[in-house]
Amino acid sequence: MMTTHKIAGTGALALAIAAAPASAAELRFANWLPAQHVLNTTVFPTWIESLTEASGGEIEVAVFPARQLGAAGDHYDMAANGIADITFINTGYQPGRFPMVGVAELPFLIDDPVTAETEAFDSWYRDYAEEEMSEVKFCLTFNGGLYALHSVNPVLGIEDIDGMRIRLPNRTLANYFGAMGATNIQISAPESREALERGVADAILFPWASLFPFGINDVVEHHLDVDMAFNNFAFVMNQQTYEGLSDQAKAAVDSHCTSDWAAKISSGWLAVEADGRQRLIDDGHSINEPSAEQLQAFRDAVEPVRNDWLAGAEMAGHDGQAAYDALIAAFAETPVPGN
């Protein structure tokens, strides 16, 4: 049976529930991305259709994109409180709440633009997820959207950052650029275009292709040709919703909350992001390449924020260095795509 996943409002959801078989569980999947984002048009539907098929039709999913059920930063609590059954969260939107998963935010930690080393990362994080995300049923986490700096005026090196106002996706990157003299404009992705258009922000750290569905490509013309960081995201589920499912439906959820599925979601997104840079070139935008010395200066600036993460892990009761070393070892064991 094909999934009846829908991009729907509350009224449409009520009609769908009334029409659904009595045995079907209609789950509300909330996210804050535009409906036209590739995750909503292609990647999420693939996961949903497979989940429904695995459940034998017992699970159907109604999709609520574009902040229909709540603000971007509220999606974790929306799952915890039952406002939605499954939510897509940016783990960096609540600084300090999820310290261990936040290691993925470190600049230049992950450099594989095909897989974002998500399978290894998700597997590593499962040792911490139950404690760190105890209010929900953790499903999976993935790294996506290879981030570069997009600006109103040209940027080539750290010397250009001082005094800039930059929309940054998480506290780690805010601290990283803050040490260079930048001010973080704390707004969610859907609010970013307006901030840039009004001159509230001078630049944004954002994935290449994701600029387009948010309309940000219309307000920035310059792009620093350095892939600095990934961001981390997760699927989380309301615990009571999960516990109320049949054994078959629970098994279907479990089989779709895996490191393998995390990797599929990440790779599906990154395959589209790879085209974003060329689209900007085709539209006449300026792609600015730093010198070797300028690039090295950006890399050297990572150490303080890495030390901050280690300290945060210690405060959370973990051996930060051991956890970091285990993650690096897991990345090293990950096969290189195509080899």
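The values are calculated or read from the model by the stated rules, or taken from the named source; none is laboratory data. Not measured: the values here are computed from a predicted model. Here the Cβ is made from the backbone with ideal geometry for all residues, glycine too, and neighbour counts use every protein chain on show. Please note that ligands, DNA and RNA were not included when accessible areas were found on the heavy atoms of the full protein model with its side chains. Shrake-Rupley method; radii C 1.70, N 1.55, O 1.52, S 1.80 Å.
General remarks:
- Straightening the chain between Arg165 and Asp283 buys 40.0 nm, computed as 0.36 nm per residue apart minus the Cα-Cα spacing.
- Scattering curve values for segment 201-339, log₁₀ I(q)/I(0), Debye with Cα scatterers, q = 0.09, 0.18, 0.20 Å⁻¹: -0.47, -1.28, -1.30
- Taking θ as phi - 60° and the Karplus parameters 6.51, -1.76 and 1.60, the scalar couplings of segment 149-162 work out to 8, 10, 9, 6, 10, x, 10, 10, x, 4, 4, 8, 7, 3 Hz in sequence order, x denoting glycine and proline.
- Estimated FRET transfer efficiency (Ala292, Arg97; beta-carbon r; R0 41 Å; 0.05): 0.60
- Rounded to 5, percent antiparallel among DSSP beta bridges of the chain: 55
- Taking the Cα centre of segment 125-256 as origin and assigning +1 to Lys and Arg Cβ atoms and -1 to Asp and Glu Cβ atoms, the resulting dipole is close to 160 debye.
- Value of [θ]222 nm, deg cm²/dmol, for the chain, DSSP H segments ≥ 4, -39500 (n - 2.57) each, nearest 500: -11000 deg cm²/dmol
- Efficiency of FRET between Thr258 and Thr42 - r from beta-carbon atoms, R0 30 angstrom, step 0.05: 0.95
- The modelled label-to-label distance for the pair Arg299/Asp127, using points 7 Å beyond Cα in the direction of Cβ, is 2.7 nm.
- Potential lengthening between Ala329 and Asp111 on full extension [0.36 nm per residue; Cα-Cα distance subtracted]: 77.0 nm
- In the chain, the alpha-carbon atoms span a convex hull of 136 Å³ per residue.
- At a probe radius of 1.4 angstrom, the accessible area of segment 274-339 per residue rounds to 62 square angstrom.
- Here segment 104-234 has 40 percent of its accessible surface on carbon and sulfur atoms, given a 1.4 Å probe and all protein chains in place.
- Carbon + sulfur, % of accessible area of segment 262-339 - ligands and nucleic acids excluded, 1.4 Å: 51
- FRET efficiency, 1/(1 + (r/R0)^6) with R0 41 Å, evaluated for Glu49 and Ala179 via beta carbons: 0.35
- Our note on the geometry: Cα centres of segment 186-231 and segment 58-125, 19 Å apart.
- Computed Rg/Rh of segment 128-175, alpha carbon atoms with Kirkwood Rh: 1.16
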